[in-house]
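The next block holds one structure in the form of structure tokens; read it before the comments.
The values are calculated or read from the model by the stated rules, or taken from the named source; none is laboratory data. Keep in mind it's a predicted model, so treat the numbers as computed, not measured. Please note: Cβ atoms are built from the backbone with ideal geometry, for glycine as well, and neighbour counts cover all protein chains shown.
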């Protein structure tokens, strides 16, 4: 089957300009804050004569409405405001009320495109006369909160490339957007203004500053390109430095189909298993070999280059295309040592070893023995897909195929983990987990979703033994 190239987004609404100036964004947020204040006042007055139970139920509904209103208004702005909301939805579940988290999860990059004249002006400012060396398709093939992607041809060579063009002004708006976002949450009364929230905003600021620096992303992409060059299962785009800068990234165009495409779903189980194994193995290498991880589990960061049937018969394989290296997070050796010990305990399904592995980190060391035991049990469940069927009798029979490979789609692991996590948190005065563990946790959740969607089965021995 031939690869399907990315389709141009010519069915999307196009906008002529972005609200990137501080004044415009402040005005937009101010209007939203004013409306929220009026809503709170109206809700308080109208609920004065209700009994406690009715008032609680009413406030719950109102909180949902407030959260959805905030998300809808934020979605009208491109730039870091949307990205901040997305990051808080991904990593802030222990900081934010569930109503806010659910609402922020509706924010996505599938937004209106910036009209070509504005993009062309940006390219002209960035590239100058070099723009004449390129033939750029004015219809984008991808949009995001911070950038827009266009295909192009290098006229001298015919090379097909993509240009990741950062929206004008978004990098300069990060600090003011963060302040606006915090103010909006404060006015809404849905989030307590705690030190934990401040810490997360500081973390998000660092991540965003890194993500809008395309020179950093180019260097990271080149590192991963070199690391995976000899592994035929992966494709990493090659950076073209001639047309790249701090706000513009040029790389080879790599065709493929999306993770949710019908073309992918129609492949045989063995081919899907191979793709799934590759997807989880790259995550293991990121955490346990290189110590740096792509923290955004968005499906849009992956494509699958499907080999046609004739090529498959000649030994060609399907390849995972890794597209985005902006949201990279490094981990120190102390954390990686603990993570390896946790993985080893999970592979052997050893509760005692899991408890022993949870030492040397303030978050774990501050727990009582009872709490540590509960959390160790939670980790044993979380590592079920990476455990040896020979030593883990708790794996449901429906989760293993005839070759003892783990069937992700049958596991319902996410819901089982959520129930166990809620119970574990109720057993003690819960402290916010270290950010690093939350990043890794989200990466695993992203991998779980990926493998469930493509209905893949994986071999835990191949995954874990290299790191034991």
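A compact table of results
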item: Residue match in segment 338-356 (condition: surrounded by 18 or more Cβ atoms within 10 Å (Cβ to Cβ), closer than 30 Å to residue 166 by Cβ and in contact with a helix residue (DSSP H, G or I) (Cβ under 6 Å, 6 or more places away or on another chain)); result: no
item: Some residue of segment 255-269 being crowded, with 17+ Cβ neighbours inside 10 Å, modelled with pLDDT of 90 or more and farther than 28 Å from residue 213 by Cα; result: yes
item: Verdict on residue 214 being out of contact with any helix residue (DSSP H, G or I) (no Cβ under 7 Å at 6 or more places or on another chain) and more than 25 Å from residue 454 (Cα to Cα); result: yes
item: Only listed residue being closer than 24 Å to residue 400 by Cα and under 23 Å from the mean Cα position of the chain (by Cα), chosen from 345, 339, 279; result: 279
item: Tally of residues being loosely packed, with under 14 Cβ neighbours inside 10 Å and free of Cβ contacts under 8 Å to residues at least 24 places away in the same chain across segment 229-246; result: 3
item: Qualifying residue in segment 364-377 (condition: in contact (Cβ under 8 Å) with a residue 24 or more places away in the chain, buried (at least 18 other Cβ atoms within 10 Å of the Cβ) and under 30 Å from residue 146 (Cα atoms)); result: no
item: Residue within segment 274-285 that is over 30 Å from residue 206 (Cβ atoms), modelled with pLDDT under 85 and surrounded by fewer than 20 Cβ atoms within 10 Å (Cβ to Cβ) present; result: no
item: Number of positions in segment 135-164 that are in a strand (DSSP E or B) and farther than 19 Å from residue 255 by Cα; result: 1
item: Total residues in segment 386-412, condition under 19 Å from residue 348 (Cβ atoms) and either surrounded by 14 or more Cβ atoms within 10 Å (Cβ to Cβ) or not assigned by TED's automatic domain parsing to the domain that holds residue 353 (or both); result: 11
item: Search result, residues across segment 288-309 that are closer than 27 Å to residue 403 by Cα and touching a helix residue (DSSP H, G or I) at 6+ places or on another chain (Cβ under 8 Å); result: 288, 304, 306
item: Check on residue 367, at pLDDT below 85 and either assigned to a helix (DSSP H, G or I) or under 25 Å from residue 294 (Cβ atoms) (or both); result: no
item: Scan of segment 252-262 for residues that are touching a residue at least 60 places away in the same chain (Cβ under 8 Å) and within 26 Å of residue 449 (Cβ to Cβ), ordered by number; result: 254, 255, 256, 257, 259, 260, 261
item: Residues that are assigned to a helix (DSSP H, G or I) and either buried (at least 19 other Cβ atoms within 10 Å of the Cβ) or more than 18 Å from the chain's Cα centre (by Cα) (or both), drawn from segment 286-302; result: 286, 287, 288, 289, 290
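A quick yes/no check of all residues on (1) crowded, with 17+ Cβ neighbours inside 10 Å; (2) at pLDDT 90 or above; (3) more than 23 Å from the chain's Cα centre (by Cα):
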position	(1), (2), (3)
120	no, yes, yes
124	no, yes, yes
129	no, yes, yes
133	no, yes, yes
150	yes, yes, no
157	no, yes, yes
165	yes, yes, no
195	no, no, yes
